[in-house]
Every structure is written in C-alpha cells, then in structure tokens.
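No value in this document is a laboratory result; all are computed from the given coordinates. If you're wondering where the values come from, they're calculated on a predicted model, not measured in any experiment. Using ideal geometry, Cβ is built from the backbone for each residue, glycine included, and neighbour counts are taken over all protein chains shown.
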Amino acid sequence: MVTADDLSDIWFFQGLSEKHKEKIGALCEPIEYKATQVIFREYTPAQQVFIQKSGRIAITIDVGNERTALVGTITSGRMFGWSALVPPNQWTATASAIENSVVYRIDGEALRKMMEEDTELGYQFMRRLVAVVSGRLKDTRLQLISLMNWPRD
C-alpha cells in the first residue's frame, strides 16, 4: 500500500488533505517497468491511471506507416494515463519506459467511483487533472508551431 506520506512529495497530490491522500494511496499499486517496456498502447481500452514515481516515460502517437512521434516525456511526480477517467476510456497514445521506472498504478474504475462518492476529492482531483491536460495541450501547440517552420520577420 502507498501511504499519504508517499504521495506528499508528488506535485499532483500537494495540497490534498491527508484523508484524501490516504484514500488514493489505498488504490495505488507500485509497479516497476524496465527500459523499453510498454505500459499501455494507443487505441486499446484505458483502465488505469499512473503517477510517475521515478524514471522517465515516453508518450508516443502513431503517425502512420509504422512510424511514431514522441509527444511528451513524463518525469517523476507527474500523472499520465488520464484517458481512464474520461469517456470513451481509450488510450490516445502509447506509453513506454525510457529507463527503469517505478509508477503508482491506480484502477480507473475504482478511482472514478471514489470521486463520485467523495465529491470534494473528485473536484480536487479533476481540478489537478485539468492542469495536466492544459499543460499537454500547450506542449502540443508549441510542437505544432515548431513543425510549421514559419519564416522569421
């Protein structure tokens, strides 16, 4: 079991009450992934949420012709796999360990149920999730602009 103290150092959980960290910690399962090991694949059902404890995770998307594009790198303290929390609950990317990594895996269905039952926890969690999604959208926008290769004035 992951304790509230274990979660206290992780950005995503900072500011949550001890009670809420304990509830979420009870759902967390520490999992080790070896370098190059796939955590989940794009287009498959999304059933877990992940919090990066150590190591680095690559987030890639399929761009056709058996090619992929790196769209992000997840480092310690960051959340990934939020597709398990929103319909249609399907992965929109593939996650693979870049190096040996430890993540906290959280069952998406159990977390959704917990957030429905404890609406304050649900609000605080989803508020943080919006910040994660917003950051990813900003990063994607910057990548798109760099690919456009606009001439400088």
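Give me Y123, Y33 ranked fewest to most by other Cβ atoms within 10 Å of their Cβ, as a rough exposure proxy. Mind showing how you got there, number by number?
Details: Y123 11, Y33 21.
So the residues, fewest neighbours to most, are Y123, Y33.
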When a/c is below 1.5 the answer is rounded, else prolate if a/b is larger than b/c, else oblate, so apply that to the stretch 74-130 with a ≥ b ≥ c taken from the square roots of the Cα gyration tensor eigenvalues.
prolate
What residues of the stretch 71-96 lie in the reach of a label at K138, counting those whose backbone N is under 19 Å from a point 7 Å from the Cα along Cα→Cβ?
71-82
In what sequence, highest mean first, do 113-119, 88-94 appear when ranked by Cβ atoms within 10 angstrom?
88-94, 113-119
Modelling each spin label as a point 7 Å along the Cα-to-Cβ direction, I'd like the V63/I145 distance in nm, to one decimal.
1.9 nm
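Sort L7, L142 by Cβ crowding within 10 Å, fewest neighbours at the top.
On the way: L7 22, L142 10.
Ascending Cβ contact count within 10 Å gives the list L142, L7.
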Counting only complete DSSP H runs, which helices of the chain cover 27 Å or more along their long axis at the Cα atoms and score a mean Kyte-Doolittle of 0.0 or above?
119-148
